[in-house]
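Report on one structure; see the data block that follows.
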Amino acid sequence: MEATQGCKGEPLIELKGACKSFGDKLILDDIDLTIYRGEALVIIGPSGTGKSTILRAIAGLLPLDQGEIYVKGQKRWGLIEDGEDPIGISMVFQQAALFDSLTVEQNVGFLLYQHSRLSPTKIRKLVEEKLEMVGLGGTGDLYPSELSGGMRKRVSFARAIISNPEDSKSNSEVILYDEPTAGLDPIASTVIEDLVRQLQHIEGICGTYVMVSHQNSTIRRTADRVVFLYGGKIQWEGSVTEIDTTDHPMVRQFFSASVDGPIRVID
């Protein structure tokens, strides 16, 4: 495996010897991965190789079979509901995962309505602030069915970054994106890619993110560091600029979309 230049900064999340199987299929095979404060990490690789599995493990939604996860140096025991991480971690799901029966405002403010003592007026104000950040100000009364695919993705971004100002522990320091541009046209994809970068640099919003993607433009426009996952293992990692200079055969095959190479073609 080729290694990128040493990352600087504080390790926020560490996977050590992470293993996960579904039935007889080994998905993650002794994975070691460190995510550093302030970085933009994109995990790539063919479909079905465990990219989303890593995100769900990091989010505390999926248990590992073996291995350990450390969050800001503290070992996580069990799933997210079994304890409290020392930092907040939010996730944007591939299909946005909005409640169809709730308005945009109710979707974005859902956790605050359920788990805070904030007044409805205060929550609505916070929701509108976050909707404006993602370019959807004034859409709070709409329902998901009234939005385009790209707009629904942006609503899910607003939900991921909202927090309770009376509870500092509710602030997410890491955001996980699972295929945020999947199914979008090139223009809508560009809007989402730009938004990911913009949110990274807004003070008080998550400055660290991990993304899963197989979209060429999304990888190139949102990644600083790239990890290539295949066969349950990290096969290569490097900076986004090294994509076009590496001789690694899997990376070359992936970005050339060739059927010839070490990556097996699944019919």
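The values are calculated or read from the model by the stated rules, or taken from the named source; none is laboratory data. Small disclaimer: the values here were computed from a predicted structure and weren't measured. Quick reminder, even Gly has a Cβ in these numbers, built from the backbone with ideal geometry, and neighbours come from all protein chains shown.
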Residues of region 106-123 being under 24 Å from the mean Cα position of the chain (by Cα), without any contact (Cβ under 8 Å) to a residue 40 or more places away in the chain and either farther than 18 Å from Ala160 by Cα or surrounded by 18 or more Cβ atoms within 10 Å (Cβ to Cβ) (or both), which ones? Gln106
Every residue in region 75-105 that is in a loop (DSSP other than H, G, I, E, B), under 19 Å from the mean Cα position of the chain (by Cα) and touching a residue at least 24 places away in the same chain (Cβ under 8 Å), please. Asp85, Ile87, Phe93, Gln94, Ala96, Ala97, Leu98
Give the residues of region 242-259 that are surrounded by 12 or more Cβ atoms within 10 Å (Cβ to Cβ) and acidic (Asp, Glu), sorted by residue number. Glu242
Looking only at region 57-74, and only at residues there that are touching a residue at least 60 places away in the same chain (Cβ under 8 Å) and among the hydrophobic types (A, V, I, L, M, F, W, C), the one that is nearest to Thr121 (Cα to Cα): Ala59
Unique residue being more than 25 Å from Gly9 (Cβ to Cβ) and at pLDDT 95 or above when the list is Pro249, Pro186: Pro249
Mind checking whether some residue in region 64-74 is surrounded by fewer than 21 Cβ atoms within 10 Å (Cβ to Cβ), charged (D, E, K, R), over 25 Å from Ala223 (Cα atoms) and in contact with a Cys (Cβ under 7 Å, 6 or more places away or on another chain)? yes
So, in region 178-198, exactly how many residues are assigned to a helix (DSSP H, G or I) and buried (at least 20 other Cβ atoms within 10 Å of the Cβ)? 4
Does Ala40 count as surrounded by 15 or more Cβ atoms within 10 Å (Cβ to Cβ) and among the hydrophobic types (A, V, I, L, M, F, W, C)? yes
Within region 251-267, the count of residues that are within 16 Å of Ile219 (Cα to Cα), free of Cβ contacts under 8 Å to residues at least 60 places away in the same chain and not polar (S, T, N, Q) comes to 4
Set Ile13, Ile31, Ile58: member being in contact with a Ser or Thr (Cβ under 9 Å, 6 or more places away or on another chain), under 19 Å from Lys233 (Cβ atoms), among the hydrophobic types (A, V, I, L, M, F, W, C) and crowded, with 16+ Cβ neighbours inside 10 Å: Ile13
Of the residues in region 221-267, those that are of a type in the set (Val, Ile, Thr) and either out of contact with any Asp or Glu (no Cβ under 9 Å at 6 or more places or on another chain) or assigned to a helix (DSSP H, G or I) (or both) come to Thr222, Val240, Thr241, Ile243, Thr245, Val251, Val259, Ile263, Val265, Ile266
Residues of region 31-89 satisfying the condition of being of a type in the set (D, E, K, R) and closer than 15 Å to Tyr177 by Cβ: Glu39, Lys51, Arg56
Which of the residues spanning region 36-53 are among the β-branched types (Val, Ile, Thr) and either modelled with pLDDT under 95 or more than 23 Å from Gly9 (Cβ to Cβ) (or both)? Thr49, Thr53
Specify which of the listed residues (Ser21, Ser90, Ser101, Ser47) is polar (S, T, N, Q), touching a strand residue (DSSP E or B) at 6+ places or on another chain (Cβ under 9 Å) and more than 20 Å from Gln200 (Cβ to Cβ). Ser21
